[in-house]
Amino acid sequence: MKAKGMNLSLVFTLRKRFALGGTCIFLVLILLVTTWTIPFLFESPSILYKFGIHKTYLRSGKIFGLTAAVLVFFQVLLASRIKLLDRIFSLNRIYFFHRVNGIAIAILVLLHPILILAAENFAIFPFEVRYWPEFLGVGLMVIMAVLVATANWRLLFGFAYDKWLRLHRLGVVPAIALILIHILFVSETFKSGLPRVFVCVITGVNLLLILRLWYYRFFPGKTGKSSFVISAVERVGRDAYAVDVKPHDGQLFSYIPGQFAFITPISANVPKEEHPFTIASTPSRHDALQFIIRTHGDWTGKIHRLQVGDSVFIDGPYGLFSHVVSLGNDPIIMIAGGIGITPMLSMLRYMANMDDQRKILLIWSNKTKEYIVFPEEFRNLKYLLKNFKIINIITRGHEDGDEQGRLDQAKLERLLKGFSRTSKVFICGPFEMMKEVSRVVKKIGFSSTRVYKEAFKL
Ligand SMILES: Cc1cc2nc3c(=O)[nH]c(=O)nc-3n(C[C@H](O)[C@H](O)[C@H](O)COP(=O)(O)OP(=O)(O)OC[C@H]3O[C@@H](n4cnc5c(N)ncnc54)[C@H](O)[C@@H]3O)c2cc1C
């Protein structure tokens, strides 16, 4: 008998995603173009009395500075985990946009004073009180440089992820306040009228978004985060633990197989930090969620200390790494490295529950057999899913019955021989492995529009 499935209204069709994504990009462009018109439509005296190339330098400098300010607004929006945006683009992609946008801001912030100074033939402003907005701008530049540099080269500065995140979130508030003061006082254009309203509205919305983020962080029980209680913690493989959680109020949120969520435990034994994990259970299971967590660093190293009865706040679901995102019954190839199996397991569990008998191949690479989580369940899945095949790859040592060594081109070509090139290919594992595998599968004929990757890194 088929199990009850999930709420498919959670999934936008590709057409709807394109339409909504296109609308978002259009709105972004409108906001940017509006910003670019300001130095033309509302010329400050400093632009008015400049001519030729100096006028162009000054105007471009102002456009670059204003664009950077608007991009900072988008940074906050992109970091706000807005569910609608996740359903259109996926949160992983949104965080990628956030990183790229950060780099664009850094470049614009650097070019902004260079162009302004070029308009003055590089004459440095005298150190006088009336130039305080300009010097404030220099301070702002330093804050932006620190934010971007520590975000991109965190390890070089010796920051652990959680410390860096706190610094990053803390730095944003003074940055936004200084941007507002700098813009309002540095140029006559923003002393009154529409440009002033424009800047104040954008900053106001930005600050509201930040207040929303703080509210979510400090009052998780009162916000959209769901409250759960741990019902089981079990060792399921080398350095891996399955953590089952049940909703406090019995109401489980809807999700699709392969999605992830941010979990924050309230426990005497594990720090109250928020970390993302795939929901490894299937949406057709309606009483609990399961996360499978590999001890990997500081925080995950303490995961075995969680106790049955501890509370957990969960923010989710997020992501679009799922076979249900696009329709059709095409064969599926899953290529997982180590704990990258969790989204695949969620999809397989769902397909078994829904009696989905399409052709599936799982290629799963682990260091040794000890690292294989739930070996019994995978054996069982082969009985439930008639066209399901597993190829275990062991990268360290030699064990009978399985493939050995790394997943290189020759091996993938051999293992995927005869598999339809229109199959959907799902890849999840360590970054370098994903990069190489995705390059190879595309090279050997799989369409890049059907290759889906999930990085365990936001
Ligand atoms: C979408 C997604 C799904 C994931 N699913 C699983 C899963 O099913 N099972 C599993 O074992 N692991 C999963 N991870 C990885 C897991 O989130 C990290 O291993 C864990 O957060 C590491 O924390 P740590 O302090 O122990 O390690 P650290 O050594 O401190 O961090 C290792 C790396 O993990 C990332 N990280 C650390 N803390 C955070 C945080 N608070 N928020 C976001 N990223 C952080 C950083 O990239 C960091 O460089 C997933 C990650 C993502 C992004």
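Assess whether Asp287 counts as being part of a loop (DSSP other than H, G, I, E, B), more than 8 Å from the ligand (Cβ to nearest atom) and of a type in the set (Asp, Glu). When the stated conditions are applied, Asp287 passes them. Among the residues of the range 321-333, those identified as away from the ligand (no atom under 11 Å from the Cβ) and not β-branched (Val, Ile, Thr) are Ser322, His323, Ser326, Leu327, Gly328, Asn329, Asp330, Pro331. Within the span defined as the range 234-242, every residue fails to be at negative phi and at pLDDT below 90.
For the range 1-102, give me every one of the helices (runs of 4 or more DSSP H) that falls completely inside it and has 2 or more residues that are among the aliphatic types (A, V, I, L, M) and in contact (Cβ under 8 Å) with a residue 40 or more places away in the chain. Even if it seems obvious, please write down each step before you answer.
Details: elements: 14-41, 45-48, 52-78, 83-89.
Where helices (runs of 4 or more DSSP H) fall fully within the range 1-102 and carry at least 2 residues being among the aliphatic types (A, V, I, L, M) and in contact (Cβ under 8 Å) with a residue 40 or more places away in the chain, they are 14-41, 52-78, 83-89.
Can you give me the number of residues within the range 420-458 that are among the aromatic types (Phe, Trp, Tyr), away from the ligand (no atom under 16 Å from the Cβ) and more than 25 Å from Leu14 (Cα to Cα)?
Our first condition is that a residue be among the aromatic types (Phe, Trp, Tyr); within the range 420-458, this holds for 426, 431, 446, 452, 456.
With away from the ligand (no atom under 16 Å from the Cβ) added as a condition, the list becomes 446.
When the remaining residues are screened for being more than 25 Å from Leu14 (Cα to Cα), the result is none.
Number satisfying all stated conditions: 0.
Being within 11 Å of the ligand (Cβ to nearest atom), in a loop (DSSP other than H, G, I, E, B) and surrounded by 15 or more Cβ atoms within 10 Å (Cβ to Cβ) is a property that does not hold for Val243.
The rows are residues; the columns are (1) away from the ligand (no atom under 16 Å from the Cβ); (2) surrounded by fewer than 15 Cβ atoms within 10 Å (Cβ to Cβ).
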residue	(1), (2)
Tyr131	yes, yes
Thr150	no, no
Leu156	no, yes
Ala160	no, yes
Trp164	no, no
His168	no, no
Val172	yes, no
Ile176	yes, no
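The values are calculated or read from the model by the stated rules, or taken from the named source; none is laboratory data. Computed from a predicted model, the values in this text were never measured in an experiment. Cβ sites come from the backbone with ideal geometry, for glycine too, and all protein chains shown count toward neighbours.
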